[in-house]
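In what follows, a single structure is set out as structure tokens and then discussed.
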Amino acid sequence: MSLAMKQQQQNEEINLTPLSIAKPEAKLYLSFMYVAFISLFIGGLMGLLQVLVRSGDFELPLGIGYYQILTLHGVILALVLTTFFIIGFQYSLLGKTVGMSAKQRKLGWLSFWTMTVGTALTATAILLGKANVLYTFYAPLKAHPIFYIGLALVVVGTWIAALVNWHQVYVWKKAHPNQKTPLLAFMVTINMIMWVICSLGVAVTVLVQFIPWSLGYTETINVLLSRTLFWYFGHPLVYFWLLPAYMAWYAIIPKIIGGKIFSDSLARLSFILFLFFSIPVGFHHQLTEPGIDPTWKFIQVVLTFMVIIPSLMTAFSMFAMFETTGRKQGATGLFDWFKKLPWKDVRFVAPFVGMLAFIPGGAGGIINASHQLNTLVHNTIWVTGHFHLTIATTVLLTFFGIAYWLIPHLTGRKLTPKIHKLGIYQTIIWAVGMLIMSGAMHIQGLLGGPRRSSFSEYGGTEQAAEWAGYQAAQAVGGALLFIGIVLMIYIFMDLLAFAPKGEEEYPIAEEEEDAQPTPSWMENWKLWIGITIALILFAYTIPMIDIIQNAPPGSPPFDNIL
Ligand code: HAS
């Protein structure tokens, strides 16, 4: 058989017809979506209250504390909304590409209920005002033990989901021994490997340090160790959010715009690089932390610059895919392909605006990661501006883009022209709101405005007076974003229960007919996990020993900050 025929045969085998999703599976995937969208509403409302308080013209009623709503905002949006959406979406990706058995579905429910009970416990502690510790729960701020126990349960739930996901892929692999794992299943496998390895760090600090300390079994806590373990988890956490968005960019958007996957191998390589470089970089969140040797900070900053590469590869891929598709549709000239993109299709427009936001969002990340520049922006509201561009725009708009077809696909309804239109308005409102809010946060940060702080005039200093206009702008932007949230909840409910019955496509793109075959070594899991662990041991072993051996006296708890 000629090489060309072999390639074609392999591509045909890979472009398998997507499996159909049965009702019981749809119910499971949808349950994750319910929690995600309820969280969006609650978290968004808290965000609105925050920007109003910080404008200086509004006070919280009924003795509610600023740090209470800030904690709820961060936990419910950054941890709950994201995790539920991602686990539900990833289950659906695997259900569609490799299938889900009844047994796996049952375990899927176990993961859902473990995560939901955990969320309820953590939320209760926050609502009772017993956990005003923000989403990073930095020691020595202390929360009620239930807060940490709830978070631990959420993580355990995700581990169950990881086991189910890997089992799904394993079963498929056994049934298709000589075929490469479908691209989306490969990507989910990587994301969950990264997640399990990194969440071990937060599990250790919560179980060994926080829970005994909050129960009063130990009097003090090693603050530096707890933060280091948190950021060992906390940076890969941001890629755990980003990679599902990249899954949609690489393998779903091409189908929506009428194109093909630009390069299956390149997509896989970028995910492998994320696995390598997402974890050994946590120190770039601790560049101002005094107890860490600068050499190790330098090494982790270098590794941080390595993790930028797969995002640059993704940017290249997106441009290439847009241009190739446009040219196939008859575009000529340098930029005509741009006009060929489906500007009335909200399934494309929302993620596309997310991609645009990642250009300044990613550039901001590169600034943060540069040691000298970090001293200027660290702990200022610039950082809050950065993560509202990345997670709250790039990732969230992509998640909205996914919801427009995923929810009707699961409920057996149609995405109507009316919802397309509303969705495009929603995207515009979000983009404008975020431009105003995040832009003002970036500028105020450069003028020295702190993050994680309630309104203060700082004794009437001139510097604080400079921030007033930017704080007002944040309130305006935040109010627009809340309108965007209300609109999105309306759209979600419409797609759930009111849109006309019908069939909505689950768009999975195929490879080009003449695509080069993906090398089989790309699935050398032992090698990838081995390199990942080697990099982690290299970046963390010596500084960890140093942090533990030369630990300063531990800290007693600081409780009930309002
Ligand atoms: Fe970050 C702080 C560095 C990416 C989230 N980050 C945070 C925090 C969060 C967060 C939540 O080094 C705050 C944590 C806290 O509470 O303290 N970040 C980076 C770097 C990247 C980065 C180097 N961050 C993210 C992503 C996030 C996220 C993604 C969420 C999803 N970040 C930092 C650092 C800090 C930090 C420090 C600590 C700051 C401090 O001092 O506290 C990189 O991954 C960024 C690489 C990205 C790019 C952009 C590629 C562009 C693409 C779009 C292409 C556009 C297209 C459109 C195709 C290089 C892929 C086509 C357009 C046409 C016109 C056709």
| message | If I take R0 = 25 Å and measure r between the Cβ atoms of Phe498 and Val117 in this structure, what FRET efficiency does the formula 1/(1 + (r/R0)^6) give, to the nearest 0.05? | response | 0.25
| task | Subtracting the Cα-Cα distance from 0.36 nm times the residue separation, let me have the gained length for Glu512 to Phe305 in nm, one decimal. | result | 71.3 nm
| field | For the stretch 334-450: rounded, prolate or oblate by the Cα gyration tensor [a/c cutoff 1.5] | value | prolate
| said: From the P(r) of the stretch 158-250, could you give the percentage of C-alpha pairs in the tail past 15 Å? | reply: 67
| request: Report, by chain and number, residues whose modeled amide H sits under 5 Å from the one on Ile261, excluding near sequence neighbours (fewer than 5 apart, same chain). | output: Glu510, Glu511, Glu512
| note | Per the 1/(1 + (r/R0)^6) rule, R0 = 41 Å and r from the Cβ atoms of Glu523 and Lys27, FRET efficiency to 0.05 is 0.80
| said: As a test of understanding, state the convex hull volume per residue of the stretch 17-134 from its alpha carbons, in Å³. | reply: 102
| query | Summing Lys, Arg as +1 and Asp, Glu as -1, what charge do residues with Cβ under 11 Å from the Cβ of Pro543 carry, Pro543 excluded? | reply | -2
| Rounded to the nearest 0.05, what FRET efficiency is calculated for Tyr490 and Phe538 with R0 set to 60 Å and r the Cβ-Cβ distance? | 0.75
| By how many degrees, 0 to 90 and rounded to 10, does the Cα axis of helix 183-204 deviate from the longest principal axis of the chain? | 20
| How do Asp345, Asp559, Asp546 stack up against each other in accessible area, from largest to smallest, with a 1.4 angstrom probe? | Asp559, Asp546, Asp345
| query | Can you give the Kirkwood hydrodynamic radius for the stretch 240-309, in Å, rounded to one decimal and based on Cα pairs? | reply | 14.0
| query | For the stretch 406-544, what does the alpha-carbon gyration tensor say about shape, rounded, prolate or oblate, given a ≥ b ≥ c as the root eigenvalues, a/c under 1.5 as rounded, and a/b over b/c as prolate? | reply | oblate
| message | Given the whole protein assembly as supplied and a 1.4 Å probe, what does the accessible area of Trp166 come to in Å², nearest 10? | response | 80
| remark: With all protein chains in place and a 1.4 Å probe, Glu323 shows an accessible area in Å² (nearest 10) of 70
| remark: Share of accessible surface on carbon and sulfur in the stretch 355-452, whole %, 1.4 Å probe and ligands ignored, is 75
| Against the longest principal axis of the chain, how steep is helix 3-14, in degrees 0 to 90 to the nearest 10, with axes from Cα atoms? | 60
| Just by accessible area at a 1.4 angstrom probe, what is the order of Tyr67, Tyr34, Tyr470 from largest to smallest? | Tyr34, Tyr470, Tyr67
| field | Arg327 accessible area, 1.4 Å probe, all protein chains in place, Å² to nearest 10 | value | 90
| said: Order His386, His371 by their accessible area, 1.4 angstrom probe, all chains in place, largest first. | reply: His371, His386
| said: At a threshold of 8 angstrom on Cα-Cα distance, excluding pairs fewer than six apart, so keeping six or more, what relative contact order does the chain reach in percent? | reply: 20
| query | What angle, in degrees between 0 and 90 and rounded to the nearest 10, separates the Cα long axis of helix 525-549 from the longest principal axis of the Cα atoms of the chain? | reply | 10
| said: Less than 10 Å Cβ to Cβ from Thr181, Lys/Arg counted +1 and Asp/Glu -1: what total charge do the surrounding residues give? | reply: +2
| remark: Mean accessible area per residue over the stretch 276-385 (1.4 angstrom probe, all protein chains present, square angstrom) is 43
| query | Over the Cα atoms of the stretch 397-453, what Rg and Dmax result, in angstrom? | reply | 16.8, 51
| said: Let me check I've understood the local charge: for Arg327, count other residues with C-beta under 11 angstrom from its C-beta, Lys and Arg +1, Asp and Glu -1. What total comes out? | reply: 0
| message | Please give the Cα centre distance for the stretch 150-169 versus the stretch 124-138, rounded to the nearest Å. | response | 24
| From the C-alpha gyration tensor of the chain, square roots of 5λ in Å | 37, 28, 24
| What value, in deg cm²/dmol to 500, does the helix sum -39500 (n - 2.57) over DSSP H runs of n ≥ 4 give at 222 nm once divided by the residues of the chain? | -23000 deg cm²/dmol
| query | If contacts are Cα pairs under 8 angstrom and at least 6 residues apart, what is the relative contact order of the stretch 323-428 in percent? | reply | 35
| request: Work out the charge dipole of the stretch 387-492 with +1 on the Cβ of Lys and Arg and -1 on the Cβ of Asp and Glu about the Cα centre, then indicate which of Ala479, Ala440, Pro450 is farthest towards its positive end. | output: Ala479
| Using unit Cβ charges (K, R positive; D, E negative) and no other charged atoms, how large, in debye to the nearest 20, is the dipole of the chain about its Cα centre? | 1220
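The values are calculated or read from the model by the stated rules, or taken from the named source; none is laboratory data. None of the values given here were measured: they were computed from a predicted structure. All Cβ positions, glycine included, derive from the backbone under ideal geometry; neighbour counts span all protein chains shown. Just the protein is used for accessible areas: all its heavy atoms, side chains included, with ligands, DNA and RNA removed. Shrake-Rupley method; radii C 1.70, N 1.55, O 1.52, S 1.80 Å.
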